[in-house]
Amino acid sequence: MSKSSFFDPQTIALHTGYQPDSEHGSRAVPIYQTTSYAFQDVSHGAALFNVERGGHIYSRMTNPTVAVLEQRMAALEGGVGCVCTASGMSALFTTFASLCSAGDHIVSAAQIYGSTATLLGHTLRRFGIETTFVDVNDHQGIKDAIQENTKLLFCETIGNPSLDVADIPALAKIGEEAHLPLVVDATFSTPVLQNPISQGANVVIHSLTKWIGGSGNSIGGAIVDGGNFEWGDPDKDRQFPTVCEPYTPFHGINFYEEFGPSALSMRIRAESMRDFGSTLSPQNAFYLLQGLESLSLRMPKHVENAESLAQWLLKNEAVDWVNHPSLDSHPNKDLAKELLPNGAGSILSFGVKGGRQAGAAFMDALQLATNLANVGDSRTLVLHPGSTTHSRMDAEAMKAAGISEDLIRVSVGIESLRDIKGDFSRGLKAAQKVAAVAQGE
Amino acid sequence: MKLTLNNENIYVATGGQEFDNSLPTVVFLHGSGLDHRSWALQTRWFAFHGYSVIAPDFPGHSLSKGKALDSIEDMADWLWQLLDKMDVKVCSLVGHSQGGLVALEAAATHPDRVRSISLIGCAAAIPVNEHLLAIAESDQPAAVDAMLTWGFGEAYQFGRSHVPGQAPMGIGWQIMCNNPLHADLSACQKYSNGENAAQKITSPAQLILAENDRMTPIKMGRGLTAQLQNVSSHIELDKVGHMIPIEAPEKCLSELQAFITNI
């Protein structure tokens with residue numbers, strides 16, 4: 001339960017965190033392209049450093065342009081605070097590193113973005129943090145994977161690229177029973193389609209690079225602190241020392257006691273932004289703010305095009321299979337309707353008849369859709385994960401993540417649906433030719 | 001710091017420094033449904049500038065266990081029990097809203113132990129709307145909605161935050177939804193000794209009021225000023241609502257500094 005604004009989301013995206021400044025009356029959020037901020041005097045500087053006064057010190061930690069984006073994201077997700085980062089991956093790393101130390105453990109959904117799987121399964125392991133991967137809808141398996149040293153549960157709202165829909169309320173209940181925060185990467189759903197905090201999640205991660213930015217021009221990430229997890233309950237066996245124990249580099253501050261609901265975001269700001277320095281630049285924050293302003297208009301069009309394209313592909317004889325949570329064949333269709341009533345995003349995947357070579361022919365014949373490693377652009381994007389984003393995963397991990405070798409991922413844009421279909425028709429014809437030759441052989 | 005008082009575990013924030021009763025003590029008292037975090041910035045300044053700070057969570061609030069106290073008089077009694085336990089002989093009292101009523105009552109019962117009193121967003125009485133009182137009992141989230149809507153001024157309704165990246169409305173929501181709001185509002189509603197208490201207070205007094213305060217309108221705060229004998233600081237802040245310590249933390253701190261450090 002969290003409520004951070006009385007405005008509707010469309011209004012939050014345009015107004016929250018900034019009113020025209022008193023000096024110049026700038027209507028648009030200004031870009032504060034500065035590294036640092038002058039102290040009024042020595043005592044003012046000291047007070048800022050000791051959290052006796054709010055304000056900006058150095059743009060690695062906070063920046064006024066970035067803060068507007070943070071406050072809008074917090075309000076949109078119904079959180080108590082937000083820390084923006086240089087990328088979605090840095091948001092994930094920062095969150096994991098802020099809650100876990102060497103010897104700790106994470107339970108993660110198996111169906112997640114390839115780089116996140118690598119971060120959890122390889123990189124963090126090097127620092128003594130182990131992860132157990134479990135099918136996101138195997139709730140008993142998730143319960144069984146929880147250990148004494150587990151510090152968080154992790155999943156994506158809609159898995160990338162398998163498109164499994166996570167049952168956030170059920171996972172939150174598992175977390176609550178085990179006194180574990182549920183950290184959710186909600187990049188694929190965006191705040192327009194789903195608010196995981198209202199469904200029980202405790203921390204929400206976004207790659208702002210994707211639909212929120214929308215124009216494919218800026219990398220950025222966000223960590224939204226739900227403020228709805230009781231970090232310091234003394235009656236629980238599981239404790240969270242990074243949030244609740246005195247923090248020596250900051251006069252022994254106890255973030256939980258000092259800041260309560262916003263303890264995690266304050267801790268992330270004080271330690272991770274200072275030490276890791278994965279800062280979002282004010283210029284990028286400005287571009288991302290432009291995207292956020294129109295997100296509520298773009299997402300319905302993304303969803304409409306994705307659902308229509310999925311149905312159209314399903315009927316095409318060159319297509320072997322299609323995957324989108326809106327389709328009757330999707331195992332989580334009912335769950336998607338319940339948790340994402342306005343649409344389950346604009347990523348779909350499919351395989352063409354003729355396997356890997358036919359798929360490659362499809363990709364190379366496209367003229368409108370772009371073959372690249374990104375999603376969430378307003379333009380339609382396509383990718384073959386098996387040879388790119390998930391290429392570092394072995395066959396077993398690929399299978400566990402729900403990725404077949406022939407899978408083509410489509411991030412459906414907001415172009416005219418007629419033009420997207422025309423482009424895909426060209427690709428499917430090329431795929432059919434290759435498949436026919438292969439069959440003849 | 002954690003203490004036991006009346007066989008209940010309670011929490012008292014000390015501004016990030018060890019409590020030392022040899023230093024002059026400043027006591028910060030939170031408003032209805034809130035807790036010590038209302039004073040996060042102000043308590044740290046005093047604690048790091050030669051004062052000892054006590055900012056308790058009243059019983060049943062946030063980190064303090066126990067049953068919520070149901071009258072302002074009981075809260076004042078509880079406060080003196082706490083100060084006795086911490087061996088504080090004399091202190092400066094700072095109270096916001098309901099915390100201001102507790103400060104008034106506490107100062108009136110032991111005027112010799114009060115070095116100064118600062119009343120923020122406060123009046124001699126804080127009558128509570130009957131509908132608000134009713135929904136605080138039947139539908140607390142709706143009551144919290146109403147209080148945050150009425151409590152915060154325009155800038156904060158627009159998502160302003162003095163701490164970059166934070167959402168004060170969301171923080172307020174989390175704290176107030178989990179605290180005994182109905183008991184607090186009932187205590188405010190039935191408290192009628194404010195004017196009498198104000199007249200008994202002899203120590204220097206400060207009032208920090210807000211132009212856009214819709215919970216305790218500024219004219220009611222001015223009325224309280226008229227009842228106090230020794231008002232040496234009366235501040236009225238522009239473009240600020242009822243949540244003064246959160247909405248205008250720097251101005252609030254500056255005024256507290258100027259008043260308390262010069263007594």
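Per residue of the protein assembly as shown, what 222 nm ellipticity follows from adding -39500 (n - 2.57) for every DSSP H run with n ≥ 4, rounded to the nearest 500?
That calculation yields -11500 deg cm²/dmol at 222 nm.
From the square roots a ≥ b ≥ c of the eigenvalues of the alpha-carbon gyration tensor of the protein assembly as shown, which class results: rounded (a/c under 1.5), prolate (a/b over b/c), or oblate?
It comes out prolate by the Cα gyration axes.
To check you understand DSSP bridge types, tell me what percent of the beta bridges within the protein assembly as shown (both residues inside) are antiparallel, rounded to 5.
In the protein assembly as shown, approximately 40 percent of DSSP beta bridges are antiparallel ones.
Taking the DSSP beta bridges in the stretch A:9-283 as the whole, what percent of them are antiparallel, to the nearest 5?
45 percent
Under 1.5 on a/c is rounded, so check that first for the stretch B:93-195, then, if it is not, pick prolate when a/b is larger than b/c and oblate when it is not; a ≥ b ≥ c are the square roots of the alpha carbon gyration tensor eigenvalues.
Taking the square roots of the gyration eigenvalues as a ≥ b ≥ c, the stretch B:93-195 is oblate.
Write down Rg/Rh for the stretch A:250-294, rounded to two decimals, with Rg from the C-alpha atoms and Rh from the Kirkwood relation over Cα pairs.
Rg/Rh for the stretch A:250-294 comes to 1.15.
Can you pull out the buried accessible area for chains A and B, both sides counted, probe 1.4 Å, rounded to the nearest 100 Å²?
3500 Å²
Taking a probe of 1.4 Å, how large is the accessible area per residue of the stretch A:162-229, in Å²?
Result: 21 Å² per residue.
Quick one: grab the alpha carbon gyration tensor of the stretch B:174-263, order the square roots of its eigenvalues as a ≥ b ≥ c, and give me rounded if a/c is under 1.5, else prolate or oblate depending on whether a/b is larger than b/c.
oblate
Which lysines, if any, have their Cα less than 22 Å from the Cα of residue B:2, not counting same-chain residues under 8 positions apart?
Within the straight-line limit of under 22 Å, residue B:2 reaches these lysines: A:236, B:65, B:67, B:85, B:89.
When you look at the Cβ of every residue in A:254-260, what mean number of other chain Cβ atoms sits within 10 Å?
Counting other chains' Cβ atoms within 10 Å and averaging over A:254-260 gives 5.
Once Lys and Arg get +1 and Asp and Glu get -1 on their Cβ, which of B:234, B:125, B:212 lies farthest toward the positive end of the dipole of chain B?
Going by the charge dipole, the pick is B:234.
Just the number, please: Stokes-Einstein D of the stretch A:298-439 in µm²/s, Kirkwood Rh from C-alpha pairs, 25 °C, 0.890 mPa s.
After rounding, the answer is 161 µm²/s.
Just to be sure I understand the interface: list residues from the stretch A:36-51 that lose 30 Å² or more of accessible area between the chain on its own and the complete protein assembly, 1.4 Å probe.
Buried-area filter returns A:50, A:51.
What are the ³J(HN,Hα) couplings of the stretch B:125-139, residue after residue, when phi is run through the Karplus curve with 6.51, -1.76, 1.60 and θ = phi - 60°? Round to Hz, x for glycine and proline.
9, 10, x, 10, 3, 4, 5, 4, 4, 5, 6, 4, 8, 9, 8
Determine the dipole magnitude for the stretch A:298-439: charges of +1 sit on the beta-carbon of Lys and Arg, -1 on that of Asp and Glu, nothing else is charged, the reference point is the Cα centre, and the result goes in debye to the nearest 20.
280 debye
Project the alpha carbons of the stretch A:236-317 onto their principal axes and report the range along each, largest first, in whole Å.
65, 39, 21
Note every residue of the stretch A:57-78 with a reduction of at least 30 square angstrom in accessible area, all protein chains present versus the isolated chain, computed with a 1.4 Å probe, or write none.
A:71
Using Cα springs under 10 Å in a Gaussian network model of chain A, which residue among A:25, A:79, A:17 shows the largest mean-square fluctuation?
Looking only at A:25, A:79, A:17, the largest GNM fluctuation is found for A:25.
Counting only residues 5 or more places away or on other chains, whose amide H sits under 5 Å from the amide H of residue B:118 once H atoms are built in the peptide plane?
B:93, B:94, B:95, B:206
So if I place +1 on the C-beta of Lys and Arg and -1 on the C-beta of Asp and Glu, and nothing else carries charge, what would the dipole magnitude of the stretch A:9-283 be about its Cα centre? I want it in debye, nearest 20.
Computed charge dipole of the stretch A:9-283: roughly 800 debye.
Could you list, bin by bin from short to long, the percent of Cα-Cα pairs of the stretch A:354-410 in 5 Å steps?
All Cα pairs, binned at 5 Å, distribute as 4, 19, 28, 24, 17, 7, 2 percent.
Could you tell me the distance between the Cα centroids of the stretch A:1-73 and the stretch A:206-238, to the nearest Å?
When both Cα centres are located, 18 Å separates them.
Going from the alpha-carbon gyration tensor of the stretch B:7-81, what semi-axes, largest first and in whole Å, does one get by taking the root of 5 times each eigenvalue?
22, 13, 11
With every protein chain kept in place and ligands, DNA and RNA left out, what is the accessible area per residue of the stretch B:82-188? Probe 1.4 Å, answer in Å².
It amounts to 30 Å² per residue over the stretch B:82-188.
Between the helical axis of A:355-365 and the dominant principal axis of chain A, each derived from Cα atoms, what acute angle in degrees is found, rounded to the nearest 10?
Computed tilt is about 80 degrees.
Any chance you could check the Cα centroid distance between the stretch B:222-263 and the stretch B:17-41 for me, in angstrom?
16 Å
Say we join alpha carbon atoms closer than 10 Å with springs in a Gaussian network model of chain A; which of A:39, A:362, A:350 then has the biggest fluctuation?
A:39
Ratio of the stretch A:9-283's C-alpha Rg to 2.2 N^0.38 Å, to two decimals?
Taking the Cα Rg and dividing by 2.2 N^0.38 Å, one obtains 0.99.
Summing Lys, Arg as +1 and Asp, Glu as -1, what charge do residues with Cβ under 9 Å from the Cβ of residue B:210 carry, residue B:210 excluded?
Around residue B:210, the surrounding residues sum to -4.
Along each of the three principal axes of the Cα atoms of the stretch B:2-260, give the extent in whole Å, ordering the values from largest to smallest.
43, 39, 39
Gaussian network model of chain B, Cα springs within a sub-10 Å range: biggest mean-square fluctuation belongs to which of B:16, B:100, B:194?
Checking each option, the largest mean-square fluctuation is seen for B:16.
Which percent of the accessible heavy-atom area of the protein assembly as shown goes to carbon and sulfur, probe 1.4 angstrom?
About 50 percent, which is the carbon plus sulfur part of the accessible surface.
Once the Cα atoms of helix A:282-314 and of chain A are each reduced to a long axis, what angle between those two axes, in degrees from 0 to 90 to the nearest 10, is obtained?
For A:282-314 against chain A, the angle is about 30 degrees.
With a probe of 1.4 Å, find how much accessible area the stretch A:14-112 has per residue, and write the answer as a whole number in Å².
Dividing the accessible area of the stretch A:14-112 by its residue count gives 35 Å².
How big is the stretch B:117-174 in terms of Cα radius of gyration and Dmax, in angstroms?
13.5, 36
The values are calculated or read from the model by the stated rules, or taken from the named source; none is laboratory data. Just so it is clear, the structure is predicted and the values come from calculations on it, not from any experiment. No Cβ is skipped: glycine too gets one built from the backbone with ideal geometry, and neighbour counts run over all protein chains shown. Side chains are part of the model used for accessible areas, which takes the heavy atoms of the whole protein and leaves out ligands, DNA and RNA. Shrake-Rupley method; radii C 1.70, N 1.55, O 1.52, S 1.80 Å.
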